[in-house]
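Take a look at the structure set out below.
The values are calculated or read from the model by the stated rules, or taken from the named source; none is laboratory data. Quick caveat: nothing in here was measured; it's all calculated off a predicted structure. Virtual Cβ from ideal backbone geometry, glycine too; neighbours counted across all protein chains shown.
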Amino acid sequence: MSNATSSLFGMPGFVVVDGPHETGDGRSVVIMTEPVEHACTGCGLLQLGRVHDHRLSRLKDLPFGEGRHQVWWRKRRFRCVGCARVFTECSEQVGWRRRLTARLRRKLEVSVSGSVRSCADVAREYGVSDWSVEASLRERERVLADAAERGGLPVPVTRLGLDETRARSVRWFRDQDQAWQRTDPWMTSFVDLDCTQPRWLLGLAAGRSGAVVVAWVESLPQAWRDQVKIVALDPSAPFASAIRRVLPDAVIVVDHFHLVRLANQALTEVRQRVAREQHGRRGRKVDLAWAHRTLLLRAGDTLSPRALAKLVTVLETDDPTNEIGAAWGIKELLRQLLHAPADRTVIRDRLWRFYDAAATADMPETTRFAGTIETWWPEIEAFLMTKITNARTEGGNRIIKQIKRVACGFRNQASYQRRILLHAAARTAR
């Protein structure tokens with residue numbers, strides 16, 4: 001065959017010796033390796049020319065054009081001049097006991113990890129089995145693990161974020177004593193919060209307890225731990241206690257998004273309680289406070305004049321005790337506190353106004369919320385001075401959940417973590 005046909009086929013180390021021939025639903029081509037020395041599998045003696053016979057082996061390769069693309073490899077079998085052993089040649093593109101070419105396996109791995117496509121979808125596109133796609137992912141995982149082991153210390157991180165995501169739904173099982181036990185699988189993700197770095201996911205750990213955080217951090221060298229200066233997290237006591245234990249010199253900051261969510265939750269609880277006390281039932285569509293419940297949760301400084309007038313009407317009509325309005329004001333005072341500049345005088349003034357409003361309202365929901373702010377105030381103040389949030393971790397959680405959503409869930413948590421780590425590595429390599 002001409003060199004142009006082999007160049008068009010484009011597999012390193014192979015030449016086209018026959019074809020392509022049109023078949024009923026596609027085309028077929030026969031390839032052979034370029035003549036090179038092969039070592040005997042028995043004695044290791046190198047030899048080149050003593051060919052015993054040839055065998056045809058069908059390969060799976062990248063699709064080319066429309067229709068089916070059949071690739072046949074005419075393998076040489078050698079007879080060793082030393083020990084008379086008969087052995088078959090191999091190639092870097094097609095290893096021992098393999099049918100898929102290396103470039104196809106690489107394409108399968110990139111198609112899955114480079115996006116959020118399912119293994120079954122990629123397998124249907126390239127005409128392979130699901131376990132072949134899964135095997136390509138496992139192979140890539142081993143390559144990354146070996147590279148990380150040879151690389152020595154991980155890249156230093158100064159800002160660390162951590163959060164948990166649910167791995168799968170809650171399940172019940174019987175233990176050895178035939179008693180029902182509840183399993184609630186979670187994963188804790190560790191993220192680099194420096195947005196100037198392409199990587200984002202540093203690692204995953206099964207579970208969401210403080211012991212999980214301690215085990216993951218302690219698995220890293222002390223030199224790496226000494227580089228961490230700031231850790232951002234949700235208001236989670238187990239996580240904060242674990243960070244204080246393994247990273248005593250790091251500053252902990254609490255993400256402001258979750259504080260606003262807690263304020264909205266306290267406002268919702270007040271609205272629900274007022275509805276039960278006023279109507280003797282839960283809220284309904286005829287109740288203005290229930291019909292405009294999302295309006296109560298919106299930021300006050302973003303309301304249009306029409307929306308603000310509607311909010312005033314709701315509070316005047318369906319809030320006879322002024323408790324909903326007081327809870328709404330406390331929520332807005334918290335938002336003003338979280339948007340305060342890095343000036344301790346301004347921060348102290350806004351914090352006093354928040355506490356004063358909570359004490360004046362004297363409601364169990366807002367009092368409990370004010371206690372939460374008091375408990376986490378050192379971490380909240382650190383956020384106000386640094387303005388570092390856990391937003392990148394929350395964005396990573398969205399990608400993690402999207403991978404699970406596309407796959408319609410994962411029965412095997414190890415497979416789920418593999419997909420997440422490979423997807424993160426593929427996005428970093430772009």
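Is at least one residue of the range 381-394 under 25 Å from SER241 (Cβ atoms) and free of Cβ contacts under 8 Å to residues at least 40 places away in the same chain? Yes, the conditions are met somewhere in the range 381-394. Within the range 83-124, the set of residues being closer than 14 Å to LEU422 by Cα and among the aliphatic types (A, V, I, L, M) comprises LEU108, VAL110, VAL112, VAL116. Screening the candidates SER115, SER111, SER132 for the property of being in a loop (DSSP other than H, G, I, E, B), surrounded by 14 or more Cβ atoms within 10 Å (Cβ to Cβ) and out of contact with any Cys (no Cβ under 6 Å at 6 or more places or on another chain) yields one hit, SER115.
Residues of the range 379-412 being within 14 Å of SER189 (Cα to Cα) and either in contact with a Lys or Arg (Cβ under 8 Å, 6 or more places away or on another chain) or of a type outside the set (Ser, Thr, Tyr) (or both), which ones?
ASN390, ALA391, ARG392, GLU394, GLY395, GLY396, ASN397, ARG398, ILE399, ILE400, LYS401
Within the range 225-269, which residues are of a type in the set (Val, Ile, Thr) and either modelled with pLDDT under 95 or under 27 Å from the mean Cα position of the chain (by Cα) (or both)? Correct list: VAL228, ILE230, VAL231, ILE243, VAL246, VAL251, ILE252, VAL253, VAL254, VAL260.
Quick check on LEU334: is it out of contact with any strand residue (DSSP E or B) (no Cβ under 8 Å at 6 or more places or on another chain), buried (at least 19 other Cβ atoms within 10 Å of the Cβ) and within 18 Å of PHE257 (Cα to Cα)?
So LEU334 passes the test.
Taking helices (runs of 4 or more DSSP H) as the structural unit, those lying wholly within the range 301-383 and holding at least 1 residues that are more than 20 Å from GLN265 (Cα to Cα) and touching a helix residue (DSSP H, G or I) at 6+ places or on another chain (Cβ under 6 Å) correspond to 305-318, 344-361. Could you check, for the range 350-368, whether at least one of its residues is in contact (Cβ under 8 Å) with a residue 40 or more places away in the chain, crowded, with 19+ Cβ neighbours inside 10 Å and hydrophobic (A, V, I, L, M, F, W, C)? Yes, that holds for at least one residue. For the range 295-313, a residue qualifies if it is farther than 17 Å from LYS331 by Cα and of a type in the set (Val, Ile, Thr), and exactly one does: THR313. If I go through the range 399-424 residue by residue, how many of them are at pLDDT below 75 and assigned to a helix (DSSP H, G or I)? Number of matching residues: 0. Residue-level check: of (1) aliphatic (A, V, I, L, M); (2) farther than 16 Å from LEU333 by Cα; (3) touching a residue at least 24 places away in the same chain (Cβ under 8 Å), ALA275 misses just (3). Suppose the filter is surrounded by fewer than 17 Cβ atoms within 10 Å (Cβ to Cβ) and in a loop (DSSP other than H, G, I, E, B); does ARG276 pass it? No: the conditions fail for ARG276.
One line per residue, one yes/no per condition, for (1) among the aliphatic types (A, V, I, L, M); (2) farther than 26 Å from GLU365 by Cα; (3) in contact (Cβ under 8 Å) with a residue 40 or more places away in the chain; (4) out of contact with any Ser or Thr (no Cβ under 6 Å at 6 or more places or on another chain):
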site: VAL212; (1), (2), (3), (4): yes, yes, no, no
site: TRP224; (1), (2), (3), (4): no, yes, yes, yes
site: PHE239; (1), (2), (3), (4): no, no, yes, yes
site: ALA266; (1), (2), (3), (4): yes, no, yes, no
site: ARG281; (1), (2), (3), (4): no, no, no, yes
site: GLY300; (1), (2), (3), (4): no, no, no, yes
site: LEU303; (1), (2), (3), (4): yes, no, no, yes
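For LEU160, are the conditions met, namely being part of a strand (DSSP E or B), closer than 20 Å to ALA424 by Cα and touching a residue at least 60 places away in the same chain (Cβ under 8 Å)? Yes.
Scanning the range 163-173 for residues that are of a type in the set (Ser, Thr, Tyr) and outside any strand (DSSP E or B) yields a single hit, SER169. The number of residues in the range 369-418 that are of a type outside the set (Ser, Thr, Tyr) and touching a Ser or Thr at 6+ places or on another chain (Cβ under 7 Å) comes to 6.
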